[in-house]
């Protein structure tokens with residue numbers, strides 16, 4: 001069987017990325033140009049700046065991804081690109097570039113859902129992982145429990161009713177003076193704190209046993225900080241971070257394992273930027289081991305936004321016979337499973 005080389009392009013937020021992947025599992029190159037230093041100045045991602053930086057970098061990033069494996073564009077079999085969800089201006093840069101390349105080179109074009117790409121990141125380093133399995137998707141914009149029934153078939157079992165977990169991390173980090181990006185900074189400072197120092201709430205959604213809500217724990221942290229300030233009590237930054245992180249991690253782990261047990265799934269994958277969190281990984285590992293469940297998660301470089309995951313999912317979409325037309329457009333609020 002002929003090897004299939006997929007060029008993946010990702011520009012949904014603040015990383016401009018391109019990658020070449022062979023047969024949906026072997027990453028030949030994975031180039032990421034991050035804008036984190038720029039957006040840190042503003043305390044978060046500025047959409048207009050992100051779009052402009054994508055325009056500046058996308059050609060160079062693609063050229064580098066191809067050059068690293070000495071593969072010219074005419075030897076690429078498929079071009080895949082994130083078309084949603086994400087920032088509409090940022091998405092348009094990647095979609096426009098992918099359409100132009102595919103048209104000029106006469107290659108098939110495959111639009112990929114960003115979150116389905118995150119799920120697919122687990123295939124890169126785990127050759128034994130194949131659907132069906134349960135995936136906990138945890139990122140700055142999404143917190144989902146997804147039953148992966150096939151490479152292109154997904155069913156949402158649970159989702160957040162308000163803030164995503166990563167969004168709550170960013171807001172709490174800003175409130176306690178850690179700044180942006182919140183997730184990695186809270187993870188780091190939490191190692192110096194006591195996770196049992198403060199009891200923050202773990203929300204449960206009535207009638208939705210696998211859904212999430214993180215606005216309550218975020219508000220509880222803000223209220224705690226305000227009360228300390230009014231009483232003149234010194235705030236232990238590390239204790240607040242560790243206690244908040246534990247509250248979020250406890251909920252994520254409990255919901256994921258409970259859903260897996262009820263559905264009879266013996267495998268759980270974790271995906272998205274928050275999947276790089278060391279506390280979440282350790283807690284999931286312990287709980288899965290106790291319940292006879294095999295846990296999968298990507299290396300940190302494949303947790304955050306990257307193009308390798310888009311190329312992987314693009315490969316499976318291509319093999320299933322799916323193609324995108326020249327009318328492919330950015331869909332900022334694209335739902336999982338939507339085609």
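The values are calculated or read from the model by the stated rules, or taken from the named source; none is laboratory data. Since the structure is predicted, the reported quantities are computational estimates derived from the model, not experimental observations. All Cβ positions, glycine included, derive from the backbone under ideal geometry; neighbour counts span all protein chains shown.
Some notes on this structure:
- The listed residues are 112, 137, and the only one of them that is crowded, with 23+ Cβ neighbours inside 10 Å, under 16 Å from the mean Cα position of the chain (by Cα), in the same structural domain as residue 293 (by TED's automatic domain parsing) and at pLDDT 95 or above turns out to be 137.
- Residue in segment 310-330 that is under 13 Å from the mean Cα position of the chain (by Cα), surrounded by 24 or more Cβ atoms within 10 Å (Cβ to Cβ) and assigned by TED's automatic domain parsing to the domain that holds residue 26 present: yes
- Of the criteria (1) closer than 20 Å to residue 141 by Cβ; (2) in a loop (DSSP other than H, G, I, E, B); (3) at pLDDT 95 or above, which one residue 208 fails: (3)
- Here 121, 165 are screened, and the one residue that is at pLDDT below 95 and in contact with a strand residue (DSSP E or B) (Cβ under 9 Å, 6 or more places away or on another chain) is 165.
- Members of segment 39-68 found to be closer than 16 Å to residue 306 by Cβ and surrounded by fewer than 19 Cβ atoms within 10 Å (Cβ to Cβ), listed by number: 64, 68
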